[in-house]
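Presented below is the structure to which this report refers.
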Protein chains: 2
Amino acid sequence: MGIDYKKELESAAKTMILVHEPDTLIKMIVRMIVQRVRISHAGILLHDKDRDTYILTVSRGTTGLKIPKGFARMDADNPLIRFFRERINKQIFNDGALVYEEAKILNQHKIGLSAQKILKGVLYQMEIFETEVCIPSYFRDDLLGVLLLGSKKNGKKFGQDELDFFVALADDVAMAIRNAQLFKELELELNKNKRLFIHTTVALAAAIDAKDHYTHGHTARVTDLSLKIANRLMQKNKNTFNEKFLEHLHIASLLHDIGKIGIPESILNKEGPLNDTEIRKMQEHPTVGSVILQPIKELEDSILGVKYHHEKYDGSGYPEGLKGNQIPLIAAIISVADTFDAMTTDRPYRRAFSKKEAIVEIQQVSGKQLNPQIVNALVQLYAESKI
Amino acid sequence: MGIDYKKELESAAKTMILVHEPDTLIKMIVRMIVQRVRISHAGILLHDKDRDTYILTVSRGTTGLKIPKGFARMDADNPLIRFFRERINKQIFNDGALVYEEAKILNQHKIGLSAQKILKGVLYQMEIFETEVCIPSYFRDDLLGVLLLGSKKNGKKFGQDELDFFVALADDVAMAIRNAQLFKELELELNKNKRLFIHTTVALAAAIDAKDHYTHGHTARVTDLSLKIANRLMQKNKNTFNEKFLEHLHIASLLHDIGKIGIPESILNKEGPLNDTEIRKMQEHPTVGSVILQPIKELEDSILGVKYHHEKYDGSGYPEGLKGNQIPLIAAIISVADTFDAMTTDRPYRRAFSKKEAIVEIQQVSGKQLNPQIVNALVQLYAESKI
């Protein structure tokens, strides 16, 4: 032993900066210390800021230390926490590390009565965890955590140089953990925001859906089916159908009928057949939808799905009469999902097709109205009972 | 000099982990090196992954080094970059650091002809920047940056121990910079997502607005005014009106009339006065809005603004007849902004009030229909010509 494990741990501590998962990081550190320093077990008490409590992560080591129930967390009033938070350690031990053997034989008169009382509690905690040394980690003035070390496997005591080394290491560790926590917080906020966006779009799309008596739940079903189709296509072509594509498709299918907000209710809910003027008005909805979303730069790719979901593979669709591969894939997928959902729900002028009937009908227009590659994916999903 | 600046720089390098602004971090590092090591100037060439180019940040030092135009960036084919990217440095110098004096007198036969050619280019670059030593930083296999050191102020050469130290330091710096960059990327994505959410909500709210012939642009104006009022209130009470509150208010005011999507167009656009049934239907919109948004947990606080923006201070409003401080502040603010905008726009049954007339009217119902504290803020904004 000696300088070797120190160098290893030091350089490991540096690479830790780029581990941004706090739990993984802590487990990694604890395991590394146990293996490299060859001690029975180690643990880290880490501050949970939200609840002002300290959570214990322990490597059991080869001795199989058991953590007593109720000791996985320590509140701020726990003597071990108070001892380091109130810097009683600094008053007694210059380097801040707390060695069980030294603390045990400490002259009671050298420290105050209240400090002595806390120290007694600390020693009890150390006995429970079979801890020989405690090393606090601070970030600025906050106690970020406490490193707990079991006994060395060779039976020797920790030397002063080793204690110095661990005090320095604990600071690196504290910094790396703090960094990982900040990263995690930012990631959580990002995920929260993504959820907020999707949920709000779902709610507003559903509200617009609700205007159209005949399409209740249509948007949600088309979205679900579009994503299933894309996931199926993804299995064969991961370059085109990647995560970004799925994200754009998700948004596009949620918003595909948003332009219906521009169609008068009298047309939307008309019981009888529509006349030419009404049909023309109805067919404006993909364009109206794309105009509504146009100002949002980030939606550029999704807008293609909204604008072209009524184009047909043979060029007979609207608004532009695009053909075959001119139709963006994102729109061609929504088109297939839209057709399937329209066929399998009741309409004023006909009852719903069964799924089986719809699949047969759709296969007949594959390569004519609909993109055959995408129809294939739909048929496969049906065959696998996934829709 | 000697061990002192090393300890200082080492410990500084550690705290760098928590500086998450790459530009600040790089400037900090360069300045620190110049001051502590007492050299004429220093610089860092940092990789811009998107463009595969290296951007130069220089501390001019006391000698006031000028960067020649066009040298603020180095492309991947620049000899200095190629030298380190192709690891020619490792072939020639064991430690990876490149010392101008050593490179100059290098035996041409010991290295290949092409390496010699690149080295010539490197020496030219070093002369331009008056650089005595170049230290590369790698992260895994990527050249993340190059540290450029000017000459020592005491006129001496850099010793081997100093070079070793800088090679180690450069790795810490590389790691810290990479960490900061990752942080920055995450932050940018978060901001992009926030913009996406707000812009989409704006677009959908505007589309719903458009259904109501008389309120064109109403939502945008109410949102703008609500935020101005809240900012005014923030000056006096930063605890209640904080950034989180502003965010919730922003969303709430964008969505305050979303429930109108549930009102038939025949009522929304009726030319004459509404009958009792129609009025009741119209008054459902705050409740309908809150029901639409209810499933979105993240909108909890904003929903209060949607649901209660038609409550009145004296309890005569709807849907629940809440009074005074029972009405959430977020709703009370939207209520004042909503009232002001309604008064200052034309309606089928009356022409618009001037802003001055509206303010007088609103002051008369302050403490009756409207919360006086918020009316005060509106009046102040008007007095300051901010609305």
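Note on the range A:322-349: residues that are farther than 19 Å from A:Gln364 by Cβ, buried (at least 18 other Cβ atoms within 10 Å of the Cβ) and touching a Lys or Arg at 6+ places or on another chain (Cβ under 9 Å) total 4.
Restricting the range B:173-227 to residues that are more than 8 Å from chain A (Cβ to nearest Cβ) and not in a helix (DSSP H, G or I), the residue that is nearest to B:Ser253 (Cα to Cα) is B:Gly217.
From the list B:Glu298, B:Glu247, B:Glu278, the lone residue that is within 8 Å of chain A (Cβ to nearest Cβ), without any contact (Cβ under 8 Å) to a residue 24 or more places away in the chain and either part of a helix (DSSP H, G or I) or over 18 Å from A:Ile198 (Cα atoms) (or both) is B:Glu298.
From the list A:Ile279, A:Ile258, A:Ile263, the lone residue that is loosely packed, with under 13 Cβ neighbours inside 10 Å and either β-branched (Val, Ile, Thr) or touching a strand residue (DSSP E or B) at 6+ places or on another chain (Cβ under 6 Å) (or both) is A:Ile279. Check the range A:153-170 and report whether any residue there is at the interface with another protein chain (Cβ under 10 Å from one of its Cβ atoms) and in a helix (DSSP H, G or I). Yes - at least one qualifying residue is present in the range A:153-170.
Yes or no, residue by residue, for (1) in contact (Cβ under 8 Å) with a residue 12 or more places away in the chain; (2) within 19 Å of the chain's Cα centre (by Cα); (3) assigned by TED's automatic domain parsing to the domain that holds A:Gly289:
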position: A:Lys157; (1), (2), (3): yes, no, no
position: A:Asp161; (1), (2), (3): no, no, no
position: A:Asp171; (1), (2), (3): yes, no, no
position: A:Leu188; (1), (2), (3): no, yes, no
position: A:Ile198; (1), (2), (3): yes, yes, yes
position: A:Val202; (1), (2), (3): yes, no, yes
position: A:Ala205; (1), (2), (3): yes, no, yes
position: A:Lys211; (1), (2), (3): yes, no, yes
position: A:Thr215; (1), (2), (3): yes, no, yes
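Across the range A:231-250, not a single residue is classified as of a type in the set (D, E, K, R), assigned by TED's automatic domain parsing to the domain that holds A:Lys355 and in contact with a Ser or Thr (Cβ under 8 Å, 6 or more places away or on another chain). The single condition from (1) more than 14 Å from chain A (Cβ to nearest Cβ); (2) more than 14 Å from B:Gly43 (Cα to Cα); (3) more than 34 Å from the chain's Cα centre (by Cα) that B:Asp141 fails is (3). Residues considered: A:Glu361, A:Glu357, A:Glu300, A:Glu384. Of these, the only one that is over 30 Å from B:Thr200 (Cα atoms), within 35 Å of the chain's Cα centre (by Cα), surrounded by fewer than 17 Cβ atoms within 10 Å (Cβ to Cβ) and not aromatic (Phe, Trp, Tyr) is A:Glu384.
The values are calculated or read from the model by the stated rules, or taken from the named source; none is laboratory data. Here the structure is a predicted model, which means the values were calculated and not measured. Here Cβ is always computed from backbone atoms with ideal geometry, including for glycine, and neighbour counts include all displayed protein chains.
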